[in-house]
Each structure stands twice: as C-alpha cells, then as structure tokens.
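The values are calculated or read from the model by the stated rules, or taken from the named source; none is laboratory data. What you are looking at is a predicted structure, and each value in this text was computed from that prediction instead of being measured. Heads up, the Cβs are rebuilt from the backbone with ideal geometry, glycines too, and the neighbour counts pull from every protein chain shown.
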Amino acid sequence: MHFLTGFVKIYYMAIPKKILNFLEKNKIKYEILKHRTVYTAFDKAKTLKVPEKMVGKTLILKTDGKLAIALIGANKNLDLKKFKKVAHPLCGYPKKIDFASEKLIKNKFKGVKVGAIPPFGKLWDLPVFIDSPLIKEKEIILPAGDYNFSIKIKKGEIKKLDFIKGNFGRARK
C-alpha cells in the first residue's frame, strides 16, 4: 500500500472505508491517485495524462434481472452481443441485458458515488467480468468510489480479484 505522507486522512475520508478494507483484506497492493473531479473514465485518462486503455470503467448491468459488473477500458464501449456470450457460462444465455438504472445503482451500491463504483464484486456479492485487453496492461486505474480519487493496481494484482475474463469491448467511436 502506498500513501503520500500527510494525505492519509484525506484519502481515508474520501474513499469509503469498506473499499480500503477490502483491498487490505485481500492483500492487494495499490496506490491511491488524487485528481480533479471527473465523471467519466475518458476524462480521468485525460486528467491523469495516461492512455485510455489503462483506465477501467465500471458498468453495472442487469442480465435477466440479475446484476453484474463489467469492467472495460476507457477506450472501449460495451458490445452486448459479445457480453452475452461471455456471460453465458455464469448467467445462462441471458435473454435481456441492459444498463442498471441510477436508482437501482444508488440502492445497491451504498457509500460509493454513481459513476465511481469500484469493480470489487465481492463487496456486493456480484460477478465481475473484465474485458481481456484491460488485463494485458502493466497497470490499471480503477474507480475508488469517489470522483476525486482512483486506485492504481499492477497487472499481477488483478489475478487476486476473481474477475471473469472475456472479450466484450469494441472500439469507442
């Protein structure tokens, strides 16, 4: 775990304690990044001056009424047809996939801000699917539950997160 001296209290106040506890409990090495307020992964990449492909965006999906998390790079959009194929072994072949409503997200993901939900499905008892190209990055930057902070983890730490790998992203237009 890496903290900048003097900022520890600020980080602990902004990032939900359950997120930090989850990382510690699972022995995931991470770095907290402070940045200006951003609401999209694309803006986060620009703000941090990093390639979009290393910034993860968390999508909350309803697959036949059940929730799932999809994590893709900021440089990608979700391809629903590809996602159905990836989700098939876990969810059965879902007939309907849609984005969860903001109201549903607020009710399910208490303590984190909509649009800044970390992809740690174990916290909410949900499966997390990760787009394969994101796994290939040396480091990835993830939402931390707040619009001003992110979590950076190295490639080796991703394996500890129990993500379901698949190829379901398509180039952003």
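Quick look at the numbers
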{"read-out": "Tally of residues being touching a strand residue (DSSP E or B) at 6+ places or on another chain (Cβ under 6 Å), under 22 Å from SER132 (Cα atoms) and not small (Gly, Ala, Ser) across the range 18-56", "value": "5"}
{"read-out": "Which numbered condition GLY111 fails, given (1) under 19 Å from ILE19 (Cβ atoms); (2) at pLDDT 90 or above; (3) not aliphatic (A, V, I, L, M)", "value": "(2)"}
{"read-out": "Selection count where residues are surrounded by fewer than 18 Cβ atoms within 10 Å (Cβ to Cβ), part of a helix (DSSP H, G or I) and aliphatic (A, V, I, L, M), scope the range 124-169", "value": "1"}
{"read-out": "Qualifying helices (runs of 4 or more DSSP H) (wholly inside the range 2-103; at least 2 residues being at pLDDT below 85)", "value": "8-14, 80-91"}
{"read-out": "Single condition ILE117 does not satisfy, out of (1) surrounded by 18 or more Cβ atoms within 10 Å (Cβ to Cβ); (2) in a loop (DSSP other than H, G, I, E, B); (3) at pLDDT below 90", "value": "(3)"}
{"read-out": "Extreme residue, modelled with the lowest pLDDT, among residues of the range 136-173 that are in contact with a Phe, Trp or Tyr (Cβ under 8 Å, 6 or more places away or on another chain) and β-branched (Val, Ile, Thr)", "value": "ILE164"}
{"read-out": "So PHE149, is it more than 11 Å from the chain's Cα centre (by Cα) and more than 21 Å from LYS44 (Cα to Cα)", "value": "no"}
